[in-house]
Every structure is written in C-alpha cells, then in structure tokens.
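Engineer: Here's a structure for you.
The values are calculated or read from the model by the stated rules, or taken from the named source; none is laboratory data. None of these values were measured; they are calculated from a predicted model. Positions of Cβ are backbone-derived with ideal geometry, glycine not excepted, and every protein chain shown enters the neighbour counts. Ligands, DNA and RNA are excluded from the accessible area calculation, which covers all protein heavy atoms including side chains. Shrake-Rupley method; radii C 1.70, N 1.55, O 1.52, S 1.80 Å.
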4 protein chains.
Amino acid sequence: MLEVAIIGASGYTGGELLRFLSVHEEVEVVAATSRQYANTPVRKVHPHLHDLDIEFTDQSPHDLDVDLGFTATPHGASMSIVPQLVDKGIKVVDLSGDYRFDNIGTYEKWYNLKHEKPLDAVYGLPEMYREEIKKANLVANPGCYPTGAILAGIPLVKEGLVDTLIADSKSGVSGAGIKPTPVTHYPNISDNIVPYAVTTHRHMPEIQEKLGKFGDVRVSFTPHLVPVIRGIITTLHSFPNQEISSEEIVDLYNKQYQAEPFVRVLDTGETPRLSSVRGSNFCHIGCFEVDENGRLVVVSAIDNLVKGASGAAVANMNLMCGFPENMSMEGCGLHP
Amino acid sequence: MLEVAIIGASGYTGGELLRFLSVHEEVEVVAATSRQYANTPVRKVHPHLHDLDIEFTDQSPHDLDVDLGFTATPHGASMSIVPQLVDKGIKVVDLSGDYRFDNIGTYEKWYNLKHEKPLDAVYGLPEMYREEIKKANLVANPGCYPTGAILAGIPLVKEGLVDTLIADSKSGVSGAGIKPTPVTHYPNISDNIVPYAVTTHRHMPEIQEKLGKFGDVRVSFTPHLVPVIRGIITTLHSFPNQEISSEEIVDLYNKQYQAEPFVRVLDTGETPRLSSVRGSNFCHIGCFEVDENGRLVVVSAIDNLVKGASGAAVANMNLMCGFPENMSMEGCGLHP
Amino acid sequence: MLEVAIIGASGYTGGELLRFLSVHEEVEVVAATSRQYANTPVRKVHPHLHDLDIEFTDQSPHDLDVDLGFTATPHGASMSIVPQLVDKGIKVVDLSGDYRFDNIGTYEKWYNLKHEKPLDAVYGLPEMYREEIKKANLVANPGCYPTGAILAGIPLVKEGLVDTLIADSKSGVSGAGIKPTPVTHYPNISDNIVPYAVTTHRHMPEIQEKLGKFGDVRVSFTPHLVPVIRGIITTLHSFPNQEISSEEIVDLYNKQYQAEPFVRVLDTGETPRLSSVRGSNFCHIGCFEVDENGRLVVVSAIDNLVKGASGAAVANMNLMCGFPENMSMEGCGLHP
Amino acid sequence: MLEVAIIGASGYTGGELLRFLSVHEEVEVVAATSRQYANTPVRKVHPHLHDLDIEFTDQSPHDLDVDLGFTATPHGASMSIVPQLVDKGIKVVDLSGDYRFDNIGTYEKWYNLKHEKPLDAVYGLPEMYREEIKKANLVANPGCYPTGAILAGIPLVKEGLVDTLIADSKSGVSGAGIKPTPVTHYPNISDNIVPYAVTTHRHMPEIQEKLGKFGDVRVSFTPHLVPVIRGIITTLHSFPNQEISSEEIVDLYNKQYQAEPFVRVLDTGETPRLSSVRGSNFCHIGCFEVDENGRLVVVSAIDNLVKGASGAAVANMNLMCGFPENMSMEGCGLHP
C-alpha cells in the first residue's frame, strides 16, 4: 500500500482527496493534517466521511514519513512546506499556485509574493504532460479555471487557428473555499451572478503561459461566481483566422482527446452540463459553433473540486506511482 | 383613469404587468385575457396577486374597448392581434418580437415567419427613442437580452470605440416563460449552467440592428440559462480601437446616462448585482475594466421580467400617455 | 414629515426598513446609524438602495433628535439603547427580543441575560394588539417565527380546540442575519435542509407566551434552515379535541382575519407559497386539512424580513403615528 | 456475470440504477427499455452516463431473457409487467407501489386502482426483512418517504414508547420524477417551500403498515417539496409515553442499527445533512432531543433517488443474488 499524507486536509479539496483516497485500493491515508482541527475526528469537519475513522493531526512536514504528500495548503504556504517534503524524498502533489509557473517573475507579479524556493516541478495536467508526470517528484496541480480553459483551448492554439481567446467562466461557489465570506453568504450569492476580478484574476497568466506552449496566443479571462455548489462552465470565444466549419472543429477535438481517460468531446448539438461531470473527474467539451461574424464558441464543463483540484491530484498520484490513471475515480457524474 | 387591457395575461409578463398596474394611480385594468384560463380568478394563476379581484376573460381583440392594450402574446400571434387594436385607435405596447425590427427581412429570417402586417412601430427603449415613444401609437417593447446588451453597448458604439462586441449573457429561468419544459425542470437546471442557442439566438440580430443605429459594429451573442429566478447579467467583451482608461469609460457612461430615470452607472470597483435590480425597472452598469491585452469589460444587470419586459412596457405606456416615466415603479430592487 | 432614525441600519432588517421608508410619503429618515460603517454611503452596504443619498452615522442614542426610532440592534444591546430614547420622549419600535416578554424571568432564562431595564412595552403584532399599539410609546416587534406561528395558531387556541401545537418551521437563510457563518456558507446550505435548535429555540417561549393569552396551550417548535433567501413556512400540526371539518376551520380563520389588512386566508385546496408574500408584508394561511388520525394541519407563509421583521415595524410605526397601517407597503409579493 | 434488465430506464431511477450497475463487478445490464426513447443512446437521456455505450430498447417483458429485472415503471403498470417476469423465473425488484402492501385493500383505496395480480412479495427494506429478501423472487422496493420515516421510527415503535408519530418530511424535487410540471418548473419551486398532499399522501399508509409490524402506532404524515435536487429530511415528532433522556434514545438507535451497512446513528449534537448522504445509499439519523413539553424529535436524512429508490433496489439485488449488500455502493455522500 502506498502511504500518503494530506497536508491541510480540512478544506473542501482535503475532503475530496479523502473521498477518493478512502476507496482507493492501493492507498492508505496515514496522516491528514490540520492545525485548526488537530485531534478532531475528520467526520466532524467532513460529515459525509462518516465511516472514516481518523483524526486530524498537527504534524509538521518533517515529521511525516510517507511515500507521497498532497499539499492542500494556501498559496505562499506551500512554498515553505513542499521543499521539506521533497528533501525527504517524498513525492509531492501541490494544489497551490506556488509551483505552477515556469516563469517565476509571472508568479511573483500576480501572486504578489517573493518565491523563496523555486523547484523543478511538472505542471500536472496529464493531457499536456502525462509522461513527465509519471517521472516527476513534484507535480504542480493546475488551477481550476485553467483546467477548463486550457482543455477547451489546446486544439485551437495548437492548430494556429486563433491569436486571441476570451474565456468567460462561470464557477460554483465551492471554488471560493470553505471559509465563509460576505460574497459566499447564501442570501448574497443565491439568485445572483457575480463577476469578479474581471480583468485581474491570477488564473489568467496561468492559462496564458500553458496555452502559450502550443502557439502564440493572447488570453483574456473573466470569472463569475454563480449560485451552484460545484462546477465550472467556460465559454471560450474566439475568431479563427480562417474559415472553418463546426464539423472540422469537432474533428480537431476528437483527434486531440480520443485516447484521454477523462476528456469527452460531445457531438454537435450536445451541450456540456455541470451535472454530467458533478463529483467526477471528467471534462466535457462541446458547442462547437461559428456565428455569422466568424466567432467560434467552445464550451467546457468540469467539477472544480475534482478535475479542477482533488481528482486531478489523485490522477497525478496514480501516474506518479504507476497505478491506472483513473483508479478510484471510475464513477460518472451525479445527475440530476 | 386610463383603461387598459392585457392580452395574454396568464404568463409571467402578464403577472408583472398586473403587479405594477394594480398600484398605478392613473390606470385601471379593465381586461386581462387568457383563452386557457377564461373565467378563472387571476389569483389562481398569479397567487401573489391575491387581492386582485378580477377574472381572466376570453375577449377577442375587436371586442376590447380600451385606451391602451398590452399584447403579451407570442411571436407570430401578435402580428394578427396588434393591427386590429391599432385600427380601432387603441394605443398598443407589444411585448413580442413581431414589431421590433426595421428590417422585415431580418425578422422573417430569424423568426422563420412571414410577416403579414408590418406597421409603423417605435422600438420601445426610452434610452434610445423617448421622444418618439411619447408620440407613438404602437411601441415594440424590446427583448430582454437586447435591453441589457444595448444599454451596455451604446456609449462604446456611439463613440466609435469598438467594431466588434461579444455579449456573454446569463439569464434567470423565468426568461424561458411560464411553461414547464425539460430544460426548466428544477433538477435539470438547478446547480447547472446551460449555454443554449450559442450562436443562433434571435436576440442577436435585434441587438445588432439597434446598436447599428449608433455606428458600425458587429455583435456576437451567447446566452446561458442560470439557476436564478429573475435577472440577466450581460458581460460585454470588446477591444477598443484606442487606448482608453477605466476612468474615461466611466465618464462616457455617466455622460450618456446621467439623466436617465432607470439606468445607474456604478462607481469603479462596484459590481452590478441581480439583487440590486430584482423586481425593479433599473439597469445597473459597471465593471469598466481593461486588461493587459486591451480587452474592455462592461457588465450590465437587469430584471428580465421588469426592465427586460413588463416594467419597460409600463414605462412605455407612461410615456405614451403623459404620465411620469417611473409612475408605479418608484421602488428599488429586492435585496437580499 | 415624521423624522425617524434607524439605529443599527447595516443589517438586512435595516436595509428593509430603508426600502420601505424611502418611499413612505410621510416619513423622512434623518439618521441611519452603524458603528462599523460610519461615514460610508448606505448604498455600499445595501446596493439595491442606489438612489438613497445618505451615509451611515455613528451617533449615540442620546444625540438623536427624532420623532421615532427603530432599534434594529441585537438582543442585549437594545435594552441599553431603548430606555435612552424613551426617556427623551422618542417613540420606539424595537426589533430585538429584549421587550417582547411579559414575563421577565422567561426572557432571562431563554436569552441567558439579566434584564437591566424592563419597561412597559406593547407586543407589536397588530392582529393581537392594534389598539394598544396605537397608543404605545414602545413597541416590541415580534420575532419572525412567532409571527407566522402565532397567526396560524390564534383561531385554534381562542376556540379552545387544541391543547398542544407542534410548529415545524422552514426559514430562508436571511433569517440568520447578514453575518457570514459556516451554516450560511453557500456550499453548505444550498441543496441542504438543516434542522437546528430543534427543541431549544428562543422563539418557542415567545410563541408560547403570546398564544397563551388566548387559552391554555403547550407549544413545541422546531425550526429548519432551507435554501431559500427569504420566507418562513410554518406547518402547524395539532389534534383538535373535537371533530371538526376543514370547512368549519376555514370559517374560523375567515372570521378571525376578514378585516385584517395583511392576513389572507386561502381557500380550501390553495397552498401558501413563499413567492406570494416575497418582499411584502402579507401573511398567507391555508391547508386546513384533517387526516384519518384526527390530526389538523394549518400552514402559514410570511417573508421573514418583512412581516417577520421590518414590514411589521413599519406597520407599527404607521399605527403609532396615525398613518394608514399599510402605508408604503401596498405592493404584493414578488412571484416568480 | 448476472444479467439484468431495467424496464423503464429513462427516468431518474433508471439513470441511478445504471449509474451503480455500470460499475458493479458482477452485473451486466443487457437491456434498458424505454418505449419513448427506443433506439436512442442512453447518454442522450442520461448525459452523465457518457461512456455507457448502450441504447434503449422497446422489448416487451416476455422477450427479456435475464436473471433479474428492475421494474422502474409507474404504479399500475408494474402489476401487468411483474407477473410476466416472475412467471419466466426472473427475479424481480419492483420500484413501484404495486407490491408494497400486505393489505391489498389499503393499496386499492390509496392508489385508487384495482389490483389484478397480487403476488407474494417481500418488502425490500433490508433493515426489516434482510433474511426474507435473500430468499425472495419478488421484492417490493420501499417508497422514498417511507424509507426515511420507517428507519427513524422503528426503535420508538418497537420499544413501545410512542402511540402517535408525526412525520414532517422535506423532499428534493427529483422525487417528483423526470417529467416537467408547473410545480417543478424552476421559477415556481426555487426560493419556495411547497407543502402538498398534506394529509392525503399515499406513502402515509405504507409507513403506517410497516411500522405497525413493530407495535401499535398511528402515523400522521405531511410532505413538502423544497428547492433541493436530491434528498429527504424527515423530522419525526412524538410524545413518548414515559420519561426518557436523549442518551437513552441514542442508545436505542445504536442498538438497533449498529450492524447495519447503510444506517448511521449520529452522536448527540450532530445533525443529519443531505450532503452527507447525497448520491449515496446511506441513511443518517440524529437530533435525539426532548423538549419541555415532552416532545421528542428524531431526524433522518436519505438521498431519495438512492436509499429511497435505486440504491435500495441494487442492495436488494445484491442480497437476492448473494453479493455483498453494498457492492458497487461503497462510496460516501457528495459534500459539499
């Protein structure tokens, strides 16, 4: 059995890691840390994990003796924990933004932090870097918005069809984390749609840098919070630089993703739905339509807590440790 | 007292017309027609109008003897009713799409209907045609999406700043009408975000034609259904053809709308919210930001059933009949 | 013009008081206090009140020179503010629990507070004490749950039909106030139903004391938080001590409430709906059914922020100051 | 591999059966029938089952050659299908109400149908009849409300503590089925709480008959539709006929359910949550409190589509066929 630790296990991503790992046949969770909830049974914080008979601990990283660690810690905190684990020879999947950027300057500008410990890390999107992930000791798990936007954008950028992409994303409220704020207060967000960080979200440069690996492209990005618990719909608007039909575009996506375990390209006329991917690690992509002005629309749907966070992290662990990529995540979405 | 009839009063727009008109001091509703619910008390269909002691009737248009009629009838049906009313000298506010287009060919193409009775009509957006509305006998009430998109776009097009606009709109489910369908079935739309008619919605040519009055512009439009009862958020993306600051853009909007009774331009840093306009006839516009790629974002919020339908219709009636434009609609939004 | 102050105006009840008072023809709000938001424009906190051009102030009670004050302050705080206002000859409507109880011992037990300044106050439920309210200087505005439960229960207790009532209430989340907590965090309460304080809610003794004025009755009460912004549905279960038909029960309620401006007794077969009263001061009562075991069900619906708080407060002000009871609150509910 | 057929597979319960069975290691679904959608790929109706490469068929029952059939057909339809399957030696789990009652008269009265083919059937609640289910050829899967109410009530009735139970239930909208109606139309049910069939729901006699096996008890029942996709919270009110503490009650429940694979008794102070059981086959029971009037509250939470329908059906199949009861349903709830 692979022994794993979850550092920072009391948030939603911690809960999701535990949900998958607790039914994973090759994994044992030997530590779930939380300073705030040390010595509290996990089920008091994650009530759905009722049968999980473990308590949060307050172990420091260097007391952990495991094969692999998930750092579900905030931006800025990960960079002080991850190196300690790596130094001990522990494989790491980091869920923060600290190791996502090739360009440290971009990270420091958008996160407004000095990066003290840059390390070699692989960007943990299997659809981009599967082989590299298999050999990596440190994987930087992608951001939630970038996951949906990059998967929707790759075929267009790779084919050189677009020079500008506008990603208009709609995210469920769990993306804002487990901590209550005025924005996530039910009476404020229910029956509302709230655009935020409309031109300044730090996931923009992440999408930009990663799609930039496939070709020249400028990415504009605006997120909205919507009264949904889980899920991100990304509506990707672009003006292809040549005439291209819906059918040809579907073909491009099918070619790109046909062998992918977690990406599904929908038929023309089908629409990605959040409920189709709810609770699952799938990404559905569809709506390949071109309007009279030559604007192309592509829409992707993911569960922000799974494919956009913890499910991706488990898939990365699976790849790093030689297990089937979808192990413990065979299930489909929860619809309705 | 002005005597008015509502033709097709059993839908949501009929309910909203009755909500405002029942407290309007200069108006008496003398007929609310509904073939399906003839002789049924209005409150059996609109339970909030409990104190409204009238029944639906099955009167045909030419039996109506009123000063003004609201035709809250479907596209295609209005064109056979409106002319009968106009011929009798009855002022009309039509809530369908039948009289919105200057270009009949555009209407016929997008609505897939032959228009049998084109008539002179004024497009009922007071912010465009207030003086013409005051003198009109037939006013074509704007579509819900066009209202939010046009108001957000006018200053940009008028100033010649943009040649392409992408309107990414998110609408509450009441916009789909009172008739249950699989899409509006609670378990299907709750916790979901559903893009639809992503490049083919008939409100696109309406926005195009009306914004085209202010300058050359190509409009691309994609609507989404969101789990919200009322309201439309329109996120308008564009690339201004000259460098321009947020402050200058706010100034443009303030200049355009400062005297408007129902449009509010928010300060920099404020975000339009559906709850700010819920149940009211206001349109809030804000989020005037430009990103590193030169993309400008402008966001508008309206209540689709009020400013996007029945409230606009009442405002048009007020203008046509010499009442203060906001009569019976002095209230603000219902937040939370 | 009546000059009024709202002490503690930054919460949801403060927002609702301002919504009604800003369109009240006989009232001017001359002070809206908030320590936290002093010198901030009201619309920054209550974005729907965009046109209200006033700022929160930090005035202490004894600096207020007004005709009437609303104390929208927490339990325990009101008792130190209200006496200062009363001493200055200012009429007061207090929205806290501090002056609701005849029996101070009950208050002190359930609120776990020593009451320092008991004063003569009238319980502000016009359906019980209209004439007393008209002459009162201090009115204790009822709790939200008690309003719905008492109105549903009066005819049964008054007629001596029941000796035990079980009130199973379902409340919208705005009832928990404007302050974010884990319980009101969108991902936690959306798609959930949360029973709380199942046998220990402090509104239970309030319902008990007030219904006790009409006859001997024991009241059991369990509240639930539901994923709704506004509104309380109270399902009142009881076993009448004599055989009685639905029709006879409807008659009892009609007799009790026929002249009431804000209570509506529905016909047999009609169901109270939250949307019928949303944003309005109405209470709808219906579902008068008896099952095979002799159990009677009566259901009431109110908007917890209006009839259950600020609307009731405005009605009390209207009564205390000689205005029509429904002044500024003529509108119906917002459905859908 | 066990070969199974789902008769009537296009509804929500059909989708849920397919979700579990498609990952069941011992089962192959060889037929999913739907007259309406014959020859349509299953994923067009159940978009989350994207990888399920089968089509609906229009086979009649007697053309089915399988080991076990699930009849997810409406009340009244099952009684004409089930006997055909049983006659062919096919084991059956019927999800309708047709075979739930011992007393045919009760069925005929409450379902207003003549029962043409009474058969020996075992009521499929493993917590009542596990051993009988193992040997049964025909299992009548329990109703959704009865499942939550019976599990909450058994220990009280068995111990002779109560003679009357009031079950006040709150159900998610998926319980109303996949067919759109005015009640399930998003703008009508969102932000609403709708009591229905307040004294006349046909699940009342089912609860009554089954709890009656444990002792004399009268059951009163009122269901409410709430703006939730999945889940039922049942608040069970009763007046125990002897003084009993919360701790003693918790002990009773622990004793009853300690060995159950799918029932969890919560600690004092914990509250059953729908998200704790969402998508899973668990039933959580908690809130064992007694108020000053001697009223006891017990609350249960289930997913109406799983423990209340398809999950229970799969568990019954597992029992009937010698598989572990929780096979394919090891996962916990989806929170948040």
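Engineer: So, in Å, what gap is there between the alpha-carbon centers of the stretch D:199-256 and the stretch B:206-222?
Structural biologist: 60
Engineer: What does DSSP give for the stretch A:2-119 in terms of the percent of beta bridges that are antiparallel, rounded to the nearest 5? Working shown, then result.
Structural biologist: Details: 1 of 16 bridges.
If I count the DSSP bridges inside the stretch A:2-119, around 5 percent turn out antiparallel.
Engineer: List every residue whose amide H lies under 5 Å from the amide H of D:L225, counting only residues 5 or more places away in sequence or on a different chain, with H placed 1.01 Å from N in the peptide plane.
Structural biologist: D:S171, D:V194, D:Y196
Engineer: With just the Cα atoms defining each centre, how far is the stretch B:81-146 from the stretch C:1-56? Give it in Å.
Structural biologist: 41
Engineer: Can you give the helix-only mean residue ellipticity at 222 nm for chain C, where every DSSP H stretch with n ≥ 4 adds -39500 (n - 2.57) and the sum goes over all residues, rounded to the nearest 500 deg cm²/dmol?
Structural biologist: -8000 deg cm²/dmol
Engineer: Using the Kirkwood formula over every pair of different C-alpha atoms, what hydrodynamic radius in Å results for chain C?
Structural biologist: This gives a value of 20.2 Å.
Engineer: Same structure again: What GluC sites (Glu not before Pro) does the stretch A:2-96 have in DSSP loop regions with at most 10 other beta carbons within 10 Å? Let's see the in-between values first.
Structural biologist: On the way: sites: A:E3, A:E16, A:E25, A:E26, A:E28, A:E55; in loops: A:E25, A:E26.
When the GluC sites (Glu not before Pro) of the stretch A:2-96 are filtered for loop state and at most 10 Cβ neighbours within 10 Å, A:E25 remain.
Engineer: Right, here's the next one. Restricting to Cα pairs below 8 Å that are 6+ residues apart, what does the relative contact order work out to for chain A? Please round to a whole percent.
Structural biologist: Computed value for chain A: 17 percent relative contact order.
Engineer: Additional query: Compute accessible area for the stretch A:232-250 by itself and then with all protein chains, 1.4 Å probe, and report residues whose area falls by 30 Å² or more.
Structural biologist: Listed in order, they are A:I233, A:H237, A:F239.
Engineer: List, shortest first and in nm to one decimal, how far the label point of D:K158 (7 Å from Cα along Cα→Cβ) is from its counterparts in the other copies.
Structural biologist: Result for D:K158, in nm, nearest copy first: 4.7, 5.9, 7.5.
Engineer: Could you work out the local net charge near B:D65, counting Lys and Arg as +1, Asp and Glu as -1, over the other residues with Cβ closer than 14 Å to its Cβ?
Structural biologist: Neighbourhood net charge equals -3.
Engineer: Pick from C:A301, C:A313, C:A31 the residue whose mean-square fluctuation is largest in a GNM of chain C, springs joining Cα atoms under 10 Å.
Structural biologist: Of C:A301, C:A313, C:A31, the most mobile in the Gaussian network model is C:A31.
Engineer: Chains A and D: buried accessible surface, both sides, probe 1.4 Å, rounded to 100 Å²? Each step should come with its number before you reach the end.
Structural biologist: Values: alone 15090 and 15090 Å², together 27440 Å².
Buried surface at the A/D interface: approximately 2700 Å².
Engineer: Let me check the size of the stretch D:117-234 from its C-alpha atoms; what are the radius of gyration and Dmax in Å?
Structural biologist: 15.8, 47
Engineer: Mind checking the dipole of the stretch D:67-174: about its Cα centre, +1 per Lys or Arg Cβ, -1 per Asp or Glu Cβ, Debye to the nearest 20?
Structural biologist: Values: 11 positive and 14 negative charges, 38 e Å.
About 180 debye.
Engineer: How big is the stretch B:144-304 along each principal axis, measuring the range of its Cα positions in Å and listing the largest first?
Structural biologist: So the three principal-axis extents are 46, 30, 29 Å.
Engineer: With a cut-off of at most 14 other beta carbons within 10 Å, and DSSP calling the residue loop, which trypsin sites (Lys or Arg not before Pro) in the stretch C:9-70 qualify? Please list them.
Structural biologist: Passing sites in the stretch C:9-70 are C:R35.
Engineer: Between D:T200 and D:K179, take the C-beta separation as r, use R0 = 22 Å, and let me know the FRET efficiency to the nearest 0.05.
Structural biologist: For R0 = 22 Å, the calculated efficiency reads 0.60.
Engineer: Along the Cα→Cβ direction, 7 angstrom out, place labels at C:E248 and A:N293. What is the inter-label distance in nm?
Structural biologist: Between C:E248 and A:N293, the label points sit 7.0 nm apart.
Engineer: Carbon and sulfur atoms: what percent of the 1.4 Å accessible area of chain C do they account for?
Structural biologist: 46
Engineer: If you don't mind, another one. When you look at the Cβ of every residue in B:272-284, what mean number of other chain Cβ atoms sits within 10 Å?
Structural biologist: 5
Engineer: Remind me, relative contact order of the stretch B:2-82 in percent, using alpha carbon pairs under 8 angstrom and six or more residues apart?
Structural biologist: 38
Engineer: Report the local net charge at D:T235: Lys and Arg +1, Asp and Glu -1, summed over other residues whose C-beta lies under 12 Å from its C-beta.
Structural biologist: 0
Engineer: Which whole DSSP H helices in chain B pass both tests: a Cα extent of 18 Å or more along the axis and a mean Kyte-Doolittle value no lower than -0.5? Write out the running numbers ahead of the final one.
Structural biologist: Details: long enough: B:144-158 (21 Å, 1.13).
Going by DSSP H runs, the hits are B:144-158.
Engineer: Defining the label point at 7 Å along Cα→Cβ, can you sort the distances from D:A38 to the same site in each other copy, shortest first, in nm?
Structural biologist: So the label point of D:A38 gives 4.0, 6.8, 7.8 nm to the other copies.
Engineer: Mind checking which chain A residue has its Cβ closest to the axis relating A to B, and how many whole Å off it is?
Structural biologist: Residue and rounded Å distance to the axis: A:D168, 2.
Engineer: How far is A:E247 from the same spot in each other copy, in nm, shortest first, if each label point sits 7 Å from Cα toward Cβ?
Structural biologist: Shortest to longest, the spacings are 5.5, 7.0, 7.6 nm.
Engineer: Another one. Out of A:V66, A:V92, A:V306, any idea which swings most in a Gaussian network model of chain A, alpha carbons joined below 10 Å?
Structural biologist: With Cα springs under 10 Å in chain A, the top fluctuation among A:V66, A:V92, A:V306 is at A:V66.
Engineer: Right, next: Give me the net charge of C:G308's neighbourhood, meaning all other residues with Cβ under 11 Å from the Cβ of C:G308; Lys, Arg count +1, Asp, Glu -1.
Structural biologist: Residues near C:G308 contribute 0 overall.
Engineer: Additional query: Using the Cα centre as the reference, give the magnitude of the dipole from point charges on the C-beta atoms of the stretch D:2-119 (Lys, Arg: +1; Asp, Glu: -1; all else neutral), rounded to the nearest 20 debye.
Structural biologist: Values: 10 positive and 18 negative charges, 112 e Å.
Computed charge dipole of the stretch D:2-119: roughly 540 debye.
Engineer: Next up: On average, how much accessible surface per residue is there in the protein assembly as shown, in Å², for a 1.4 Å probe, leaving out ligands, DNA and RNA?
Structural biologist: Ligands and nucleic acids excluded, the figure is 33 Å² per residue.
Engineer: So what are the ³J(HN,Hα) numbers for the stretch B:95-102, from phi and the Karplus equation (6.51, -1.76, 1.60; θ = phi - 60°), rounded to whole Hz, Gly and Pro as x?
Structural biologist: Computed from phi, the couplings for the stretch B:95-102 are 8, 8, x, 5, 10, 7, 9, 5 Hz.
Engineer: Gain in length, C:L113 to C:E330, computed as 0.36 nm per residue apart minus the alpha-carbon separation, to one decimal in nm?
Structural biologist: In short, 74.3 nm is gained.
Engineer: Hey, got the dipole for the stretch A:204-336? About the Cα centre, +1 on K and R Cβ, -1 on D and E Cβ, debye to the nearest 20?
Structural biologist: Charge dipole of the stretch A:204-336: 560 debye, to the nearest 20.
Engineer: Rounded, prolate or oblate for the protein assembly as shown? Axes are the square roots of the Cα gyration tensor eigenvalues, ordered a ≥ b ≥ c, and the cut-off for rounded is a/c under 1.5.
Structural biologist: rounded
Engineer: How much space per residue, in cubic angstrom, does the convex hull of the C-alpha atoms of the stretch C:2-119 take up?
Structural biologist: 102
Engineer: Moving on. Kindly write out, for the stretch D:168-178 in residue order, the coupling ³J(HN,Hα) from the Karplus curve 6.51 cos²θ - 1.76 cosθ + 1.60 (θ = phi - 60°), rounded to whole Hz, with x marking Gly and Pro.
Structural biologist: Residue by residue, the stretch D:168-178 yields 9, 10, 10, 10, x, 6, 4, x, 7, x, 8 Hz.
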